[in-house]
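Working notes for the structure below.
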Amino acid sequence: MTAPEDRPRPRIPGCVRNGLRILFGAALAGCWTPALHTIPETHTKYDSLPEPALSRLAAARADLEAGHAEDARSALDVLSAEFPDNIAVGACLQEAELAAAESGGEKPDLRDRYRKRAEEHPTVASLVLAARLEPDADKAVRLLDRAETEDPHCAWSSYGRAWLAARAGDWKEARDRVVRAKAADPGHMPTLWLETWMLARAGSPAQAITSLSTWIERARGDPRIDPRLVRDAELDRALLAVLEGDPKQARRYLAEIEDVPGTAARRRTIEAGADQELGEGAAALAAAKDAERVKPDDLLPAVQQALLHEIWLGDPVAAEADWKRALEISRSDSALGSLLERMRARVRLERSAAARATPAQGAGGPASPADRRP
């Protein structure tokens, strides 16, 4: 994405790039879909709303974002009654109901109520909304299959199946279901978000950035889209720019993102990667430390600090402390990325112990070729 420069610039070591890829998600094999350049408008009753209703939905979203969950719930309850088939409105109502229950000190469990409604009045909307709250994947699949039987041309049932398949790591099923959802509604924004998410994990950063930019441009300000999903997509795009070797663009993307609670740790982690790519080791270290302070159970900031101290700043003592901390964090997480970093931390700590035992060989020796690989 960036033009070649006359002089080489520092690059993120291969192990840090891998860590960022672990943060971003599990990789899919190969590029399976072209980049998204345009998005047609949806016209189905499950998503489309007249302009006055969109304005009311936007007002309810604003109340929900501002913490006025009960006001949002009341407004959305009325709107949902007027448009009972609109799943976008129904999903927003569920979020407001959950937030209102939490703010009132109640246990937010809506599953039984929505499941009963789907059994008594099985419509596409009631079945999909029940599946959305169903923690048991097999039961959720059965609800979505019933919704598809009710209307084979509704994108939401295939999208739900694709989402569940992606969560389970069944990428072929996820791809097939995305194709079916797009055939039903080429402008279905949740499906297009999932497609872009999968494209990013297929190891195609440049194409994924294009798709994300297209999706973000359409999603911003659309009250049918959860603003948290838009912010996550914006952060994904900045991370992809780091992985694509364009840290300056990553910084520009980050500058466009509203600073809201819940995003600080991920934002600072991405900033650390961009700073390191630009050769700004001290700034990268500060950003990684900030990320860990905000979210101390996140593995990657500890790994970033260890590698910065070890490879860039030449401080093996601090690096050893970072690796010990990373090892402790990784023990509480069974994800593949954590298992790999746990192994890496153990190797680093064993090398540090060996270096102390044989000081004539130097304090830890040079970094491994893998650490210096671009």
>> For Glu95, only one of the following conditions fails: (1) over 23 Å from the mean Cα position of the chain (by Cα); (2) under 18 Å from Glu70 (Cβ atoms); (3) in a helix (DSSP H, G or I). What is its number?
In response: (1)
> Can you tell me which of Thr210, Thr269, Thr191 is out of contact with any helix residue (DSSP H, G or I) (no Cβ under 6 Å at 6 or more places or on another chain) and polar (S, T, N, Q)?
Replying inline: Thr210
> Which of the residues that make up region 221-274 are more than 21 Å from Ala60 (Cα to Cα) and among the β-branched types (Val, Ile, Thr)?
Replying inline: Val242, Ile257, Thr263, Thr269, Ile270
>> Yes or no: region 267-282 includes at least one residue that is surrounded by fewer than 16 Cβ atoms within 10 Å (Cβ to Cβ), out of contact with any Leu (no Cβ under 9 Å at 6 or more places or on another chain), more than 22 Å from Lys324 (Cβ to Cβ) and touching a residue at least 60 places away in the same chain (Cβ under 8 Å).
In response: yes
>> Checking Pro34 against (1) at pLDDT 95 or above; (2) surrounded by fewer than 16 Cβ atoms within 10 Å (Cβ to Cβ): exactly one of these is not met. Which one?
In response: (1)
> Is there a residue being in contact with a helix residue (DSSP H, G or I) (Cβ under 9 Å, 6 or more places away or on another chain), part of a helix (DSSP H, G or I), surrounded by fewer than 15 Cβ atoms within 10 Å (Cβ to Cβ) and free of Cβ contacts under 8 Å to residues at least 12 places away in the same chain anywhere in region 121-137?
Replying inline: no
>> Quick check on Ser103: is it at pLDDT below 95 and farther than 23 Å from Trp193 by Cα?
In response: yes
>> Out of the helices (runs of 4 or more DSSP H) lying entirely within region 147-252, which hold 2 or more residues that are among the charged types (D, E, K, R) and either without any contact (Cβ under 8 Å) to a residue 12 or more places away in the chain or surrounded by fewer than 24 Cβ atoms within 10 Å (Cβ to Cβ) (or both)?
In response: 171-184, 205-219, 227-243
> Consider Leu54 against the criteria (1) part of a helix (DSSP H, G or I); (2) buried (at least 18 other Cβ atoms within 10 Å of the Cβ); (3) touching a residue at least 40 places away in the same chain (Cβ under 8 Å); (4) not polar (S, T, N, Q): it satisfies all of them except one. Which criterion is unmet?
Replying inline: (2)
> Mind checking which residues of region 283-311 are buried (at least 19 other Cβ atoms within 10 Å of the Cβ) and more than 19 Å from Leu243 (Cβ to Cβ)?
Replying inline: Leu285, Glu292, Ala302, Gln305, Ala306, His309, Glu310
> Taking Glu280, is it within 21 Å of Ala250 (Cβ to Cβ), modelled with pLDDT of 85 or more and not polar (S, T, N, Q)?
Replying inline: yes
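The values are calculated or read from the model by the stated rules, or taken from the named source; none is laboratory data. Note that the structure is predicted; figures quoted are calculated from it, not measured. When we count neighbours, we look across all protein chains shown, and the Cβ atoms used for this are built from the backbone with ideal geometry, even at glycine.
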